[in-house]
Amino acid sequence: MGTNQKPEEPTKKELPYTAKVWQTIAIVALLVVVILILRVAFGVLLMALAGSLMAVYFHGLAGMIERKTRLSRKFAMIISVTGTIVIMGLLVWFIGAKIQTQVAQLSNTLPHTVSSVKAKLDQSLAGQKLLEYSSGDNSKKLLDTVQTFFSTSFGVLGDMYIVLFLGIFFTASPSLYKDGIMVLVPAKQKQVAQVIMDRISLALKGWLKGMLLSMVLITILITIGLTIVGVPAALVLGLITGILEIVPNLGPLIAMIPGVLLGFTMSTNIAIIVAIIYIASQTIVANIVTPLIQKKMINLPPALTLISQLIMGTLSGALGIILAVPLLAILIIMVDELYVKKISEIKAG
């Protein structure tokens, strides 16, 4: 009688202890090298993201031109890119002299303004405590933090130049880069990757549209409000507020400081009015623009947004702070698609 005996499974040959040690060292060394490369190249990756946002803007504007004028997509794209560059150049040309004058005025006024505010604060006990805290080591720490936040790897103008040309390259042939990413994705995951890319594209379009609208609106409101009150350099202060609007939470607070300081040189009442103008303008913009952004973008917790800005500001300066929100949105979308939905499917099954 024959018995069915299972064939013996081949025993796995274990590596000797020395080989295991070297294998572990090699893995750790590889991880360290990858982390160092990512750290060095992180600024470049951020500029690539900024270039992608620029391409999103060019495509969005071209789509609007195409719908309004019935022009071909190619001509609409050319108008979108060249028109944006020409308009920006004309704005700098026409209002550049006025901005330069007001910047010089602001530079000459602020040192005296700071001295006046210090003198007024020194008259009260609370003011003296505030001055004591903001002087010495605390002042140096604050200055170092600001310098870290607002420093960039290639300089602001260099970054803008690179981002503009990256945006033009991405605009010229977006499918080339999208297809390149999809080639790297395994066949079984291509559908999920396409869903992630579509969600990210929709979120970035909504964020960019909302940011551009809020920047223009807040610049107009602040400039008009400060001009009516009679605060000097109103146009420059409005532009500063508009630019800093791209930085949620931190931007509006930083933008308000020079305006309120200049208001103090006129009178305490004017400073209070200026603060009210900033707060009211931010409230108006938030009520108009925030619902527009939330329609297209996922809801981001404010605390998580602030934490991401602090981390990105420490790592990459101004560019990191500006791109912290879209980066956070991309991360949340990827976690939702690759982890949360998978967990939900497993629980449902």
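The values are calculated or read from the model by the stated rules, or taken from the named source; none is laboratory data. On a predicted model such as this, the values are computed, not experimentally measured, just so you know. Using ideal geometry, Cβ is built from the backbone for each residue, glycine included, and neighbour counts are taken over all protein chains shown.
Points worth noting:
- In segment 277-287, the count of residues that are surrounded by 13 or more Cβ atoms within 10 Å (Cβ to Cβ), over 19 Å from ILE228 (Cβ atoms) and at pLDDT below 80 is one or more.
- Taking the criterion of being farther than 15 Å from TRP207 by Cα, part of a helix (DSSP H, G or I) and not β-branched (Val, Ile, Thr), the residues of segment 52-74 that qualify are ALA62, GLY63, MET64, GLU66, ARG67, LYS68, ARG73, LYS74.
- Scanning segment 78-117 for residues that are modelled with pLDDT of 85 or more and either among the polar types (S, T, N, Q) or over 25 Å from the mean Cα position of the chain (by Cα) (or both) yields a total of 5.
- Filtered by the rule that a residue be part of a helix (DSSP H, G or I), within 16 Å of VAL285 (Cβ to Cβ), among the aliphatic types (A, V, I, L, M) and within 22 Å of the chain's Cα centre (by Cα), segment 223-253 gives LEU237, LEU239, ILE240, ILE243, LEU244, LEU250, LEU253.
- Selected residue (criterion: surrounded by the most Cβ atoms within 10 Å (Cβ to Cβ)) from residues of segment 160-178 that are among the small types (Gly, Ala, Ser) and over 17 Å from the mean Cα position of the chain (by Cα): ALA172
- Among the numbered conditions (1) in contact with a helix residue (DSSP H, G or I) (Cβ under 6 Å, 6 or more places away or on another chain); (2) in a loop (DSSP other than H, G, I, E, B), the only one that SER80 does not meet is (2).
- In this structure, VAL216 does not qualify as touching a residue at least 60 places away in the same chain (Cβ under 8 Å) and under 21 Å from the mean Cα position of the chain (by Cα).
- Just one of the listed residues (VAL274, VAL236, VAL247) is out of contact with any Lys or Arg (no Cβ under 6 Å at 6 or more places or on another chain), crowded, with 18+ Cβ neighbours inside 10 Å and within 25 Å of LEU310 (Cβ to Cβ), namely VAL247.
- Any pair with Cβ under 6 angstrom, 6 or more apart, that starts in segment 67-93 at a residue that is within 19 Å of SER173 (Cα to Cα) and ends at one that is of a type in the set (Gly, Ala, Ser) and assigned to a helix (DSSP H, G or I): ALA76/ALA62; MET77/ALA62; SER80/ALA62
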